[in-house]
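The next block holds one structure in the form of structure tokens; read it before the comments.
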Amino acid sequence: MAQSIVAQVFAEEWPRVVATLVRDLRDVDAAEDAAQQAFTEAAEQWGPNTTPDKPGAWLLTTARRRSIDRLRREARFEDRLAQLQAKIDIPPPSPHQLIDDQLALIFGCCHPSLDVKAQVALTLRAVCGLSTAQIAAAFLIPEPTMAKRLVRAKSKIRVANIPFTTPDRDHLTSRLAPVLAIIYLIYTEGHAASDGQQLVRGSLCDEARWLAGLVADLLPNESEASGLAALICLTDARRSTRTDESGDVVLLEDQDRSLWNCSLIEAGNRHLDRARMSGVVGSYQVQAWIAREHSGAASSDETDWHKIASFYDVLFQLEPTDVVALNRAVALSKASGPQAGLDALATIDGLDSYRYYHVARAEFLSQLGQHDKARAAFSQALLQTTNEAERTFLKNKLAATP
């Protein structure tokens, strides 16, 4: 019973406790250890009639006490011992300070001096509270490898004295961009795993959606934060229908839309409405507009593909990348036929090593009756695909092409 109660509290209180302890101790390792000890004690002591009225305050006080025990044993923290002892009986941070602490933790984990892999690992560990084993499993790498990655990242934080502070308003936007990019990267890997047996890694999708919502709530006036939260909710609403019972890929037009998650669609729309209120349009927000068009259509045939293609025109102005151009070509093919899509693909030069480029080209060629070229394109996509669910899908498409 106690463990179930602690599990319910964990998701909400872990990032708050760790964020405050990082401010107190200025050390991620020490903060995580103290928080983990506090939750362990909670699992041992809490029960239906013994759970504290303010679990967050109990956890923070317990974590601070455990930190003091550790500081007494470690001379390198001696200068912080008196400060922390003075905070034992201080109430938990005010809502405003708590927001600052959580933002500081997120921005510290995504500091630009850390490489992307380290940013991802630290964010999932310190902010989301995933264990090293869980993070390693999500990315399909050995646990010792992930442990070493985390150790190196924390060591660099200490050596380089990377600050866990919230950027001032003048620098917030530039620092927010990589934070959102890391969250989007986590979601992208969960949504369409780059390798492994399964197409979707649900745990990563869940963590990215939670992170995006957290940042959007902490920074309600930042339109791109709300735009990303909207995009992830609206896209993730389709998760359960993207594969069948055997784990095989189900295309968007074949998905059972009655099974899409209405609660996530509603949440996505709320985030998107908040993003729109700022009057500033960013790329995540435009992608969320596209996702909302899909979620609002009763079927693929009833989707307003001309409108979606126009959204991709806007997105390309904001983010003129080959991948955006590819997605625009797919929308054009739906709106105006496969030749329009193929013509649009012909203007893209930099995606020859990108499997989805060859998949789109194969689909357009197949629809135009150019089956030999379609088979060659499917074969090229297959060579560049390491995810087994996607490989099965492509093999079936190749076999079905006349």
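The values are calculated or read from the model by the stated rules, or taken from the named source; none is laboratory data. Predicted model, so just to flag it, every value in this text is computed and none were measured. Quick reminder, even Gly has a Cβ in these numbers, built from the backbone with ideal geometry, and neighbours come from all protein chains shown. In case anyone asks, the SASA skips ligands and DNA or RNA and just uses the protein heavy atoms, side chains included. Shrake-Rupley method; radii C 1.70, N 1.55, O 1.52, S 1.80 Å.
General remarks:
- When residues of the range 365-392 are limited to those that are open to solvent by less than 60 Å² (accessible area, probe 1.4 Å) and β-branched (Val, Ile, Thr), the one farthest from residue 346 (Cα to Cα): 392
- Of all residues in the range 37-56, those that are assigned to a loop (DSSP other than H, G, I, E, B) and open to solvent by 30 Å² or more (accessible area, probe 1.4 Å) total 7.
- Any hit, the range 231-245, residues being touching a Cys at 6+ places or on another chain (Cβ under 6 Å), within 27 Å of residue 297 (Cα to Cα) and surrounded by 15 or more Cβ atoms within 10 Å (Cβ to Cβ): yes
- Cβ pairs under 7 Å, 6+ apart, first in the range 11-24 and closer than 13 Å to residue 106 by Cα and among the hydrophobic types (A, V, I, L, M, F, W, C), second open to solvent by 30 Å² or more (accessible area, probe 1.4 Å) and at pLDDT 85 or above: 22/164
- Qualifying residue in the range 351-362 (condition: under 22 Å from residue 235 (Cα atoms), of a type in the set (Lys, Arg), open to solvent by 60 Å² or more (accessible area, probe 1.4 Å) and modelled with pLDDT of 95 or more): no
- Cβ pairs under 8 Å, 6+ apart, first in the range 273-285 and in contact (Cβ under 8 Å) with a residue 40 or more places away in the chain and over 19 Å from residue 313 (Cβ atoms), second open to solvent by 50 Å² or more (accessible area, probe 1.4 Å) and outside any helix (DSSP H, G or I): 274/220; 278/221
- Of all residues in the range 239-257, those being over 18 Å from the mean Cα position of the chain (by Cα), polar (S, T, N, Q) and within 30 Å of residue 217 (Cβ to Cβ) number 2.
- For residue 145, the criteria (1) over 21 Å from residue 12 (Cα atoms); (2) of a type in the set (S, T, N, Q); (3) buried (at least 19 other Cβ atoms within 10 Å of the Cβ) hold in every case but one, which is (3).
- All positions within the range 1-15 that are of a type outside the set (Val, Ile, Thr) and surrounded by 20 or more Cβ atoms within 10 Å (Cβ to Cβ): 13, 14, 15
- Within the range 257-268, if we keep just the residues that are open to solvent by 40 Å² or more (accessible area, probe 1.4 Å) and either assigned to a loop (DSSP other than H, G, I, E, B) or not aliphatic (A, V, I, L, M) (or both), the residue that is nearest to residue 228 (Cα to Cα) turns out to be 266.
- Within the range 25-36, considering residues that are surrounded by fewer than 18 Cβ atoms within 10 Å (Cβ to Cβ) and free of Cβ contacts under 8 Å to residues at least 60 places away in the same chain, the one nearest to residue 153 (Cα to Cα): 33
- In the range 119-217, counting only helices (runs of 4 or more DSSP H) that sit wholly within it, the ones holding 1 or more residues that are closer than 22 Å to residue 274 by Cα and over 15 Å from the mean Cα position of the chain (by Cα) span 169-191.
- Pick from the range 126-155, criterion out of contact with any helix residue (DSSP H, G or I) (no Cβ under 6 Å at 6 or more places or on another chain) and at pLDDT 90 or above, ranking: nearest to residue 205 (Cα to Cα): 142
- Pair list, Cβ under 7 Å, 6 or more apart: the range 198-226 residue over 19 Å from residue 389 (Cβ atoms), other residue of a type in the set (Asp, Glu): 209/236
- Breaking point among (1) at pLDDT 90 or above; (2) of a type in the set (Gly, Ala, Ser); (3) farther than 16 Å from residue 128 by Cα, for residue 192: (1)
- Selection status of residue 310, open to solvent by 70 Å² or more (accessible area, probe 1.4 Å) and over 30 Å from residue 247 (Cα atoms): no
- Being under 24 Å from residue 242 (Cα atoms), touching a residue at least 40 places away in the same chain (Cβ under 8 Å) and open to solvent by less than 40 Å² (accessible area, probe 1.4 Å) is a description that applies to residue 295.
- Subset tally (residues that are farther than 19 Å from residue 123 by Cα and hydroxyl-bearing (Ser, Thr, Tyr)) for the range 180-201: 1
Here's the yes/no breakdown for (1) in contact with a strand residue (DSSP E or B) (Cβ under 6 Å, 6 or more places away or on another chain); (2) among the aliphatic types (A, V, I, L, M); (3) more than 16 Å from residue 192 (Cα to Cα):
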site	(1), (2), (3)
350	no, no, yes
358	no, no, yes
377	no, yes, yes
390	no, no, no
397	no, no, yes
